1. Say R0 is 60 Å: what FRET efficiency, to the nearest 0.05, do residue B:28 and residue A:230 get from their beta-carbon distance?
2. Suppose R0 equals 51 Å. What FRET efficiency, 1/(1 + (r/R0)^6) with r the Cβ-Cβ distance, do residue B:19 and residue B:125 give to the nearest 0.05?
3. Relative to the longest principal axis of chain B, what angle (0 to 90°, nearest 10) does the C-alpha long axis of helix B:226-258 take?
4. Taking the number of other C-beta atoms within 10 Å as the exposure measure, put A:87, A:64 in order starting with the fewest.
5. Rank the residues A:63, A:172, B:102 as a footprinting-exposure proxy: fewest other Cβ atoms within 10 Å of their Cβ go first.
6. What shape does segment B:1-127 have by the C-alpha gyration tensor, where a ≥ b ≥ c are the square roots of the eigenvalues, rounded means a/c under 1.5, and otherwise prolate means a/b greater than b/c and oblate the rest?
7. Averaged over B:201-207, how many beta carbons belonging to a partner chain fall within 10 Å of each residue's beta carbon?
8. Just checking the output field for B:249-257: average partner chain Cβ neighbours within 10 Å of each residue's Cβ?
């Protein structure tokens, strides 16, 4: 009899967590290079009663539990910014970022230059090229980033391109193993190593917007709210049932 | 529920986004204005079930974990330092920089500020000053009886003096570059100051060594594009509304919980 409550509760706990995921997606609807998360559920079968001398055999009860959130790595829409330091990645590659905790990976191509002339992310971490950080000289101008990641500039009054490095692009055989670290960074999970890739291309002057689809998230949110309310109603009628059972069965005559 | 606070961070971020966009639109006609953009990042994640963790003693690993994010944060409002379009004004002391560099202005307190706004004037003593009356560096004094002010691409200011047929050079307006011009700090009045992020100022001469050239009788317009600002504004407004919807959805869920038992 208590199972209804517990099954309902297991669903509500999962729905709350799913709501957290949807809320995080919607909060990041304008975050450059953000990839949406989705929830996965699985059935958890509780074992039946040990005694099997009932008239009908005891049925097993299934609960819900959330198994995983997975990243939706679909490409986000690209927006033209005309900023020479903005790059959008066309393909499944990531840029490599040097953080104090080690190498991290990002899809956020809104880059900046720091006081040392190094190419950095908005958070100030160095973006790595094939041979270390990419450093610009004080007289460099007209920065150009080619599709393959080659960074060239015009130096001083020169009319010939000088190469400043080549942005490192990596991909992962199992991108789902990547761990979101916040600050638009991913860390490689255990057992997944970054592989250099040449199939992806960079688009200078564009940024990749968040791939959160507002219509999908809104309808998912409505679905969550409605399901949650339904289960609440279900639990409520179950409680009413209990109440009347107690009232009727335990009607002690006075 | 966490979703309530996640949505609140989303609303706060979009509010700031609208602020940045409205400042861009307000400065649509400000000479030498450089547009800003709000940069967002996702907040830290709660790794409820860690991806790659051992799932059994047979060496199988969790293929996808449970990561619950905490919302969004604003990480900066970087400035887009691209070239604005030049507009001819016909005024002798209006100068636009085409390319890299800033004009250097001497403030009354002795410090230097930097600007892309080249709408200069002459003060009572003949000095070339900006709209606030602070002299452009190096200070140039135009003689009282001079006429025919000409500024060439290198910033050399020449005048014609009475009784002379050849122009006289009275000074040269300099330019200053920064390795990270987006790291300059705006202080209003179209002026910027040096910061630890911008790097040290490098003074130089226009049209040489990577510095831009000067265009007399022109002004640099703001680099704000109305169409992209308006579409950004619409996107920001809708994102704000959606976050507000999340809050009301969570509210509804909590309400149904509290109504569960009578």
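Bear in mind these aren't lab numbers, they're just calculated from the coordinates by the rules spelled out. Just so it is clear, the model here is predicted, and its values are computed rather than measured. Counting neighbours? That spans all protein chains shown, and the Cβs are built from the backbone with ideal geometry, glycine included.
1. 0.75
2. Once rounded, the FRET efficiency stands at 0.80.
3. Roughly 20 degrees between the two axes.
4. A:64, A:87
5. A:63, A:172, B:102
6. The shape class here is prolate.
7. 1
8. Across B:249-257, the average partner-chain Cβ count within 10 Å equals 6.
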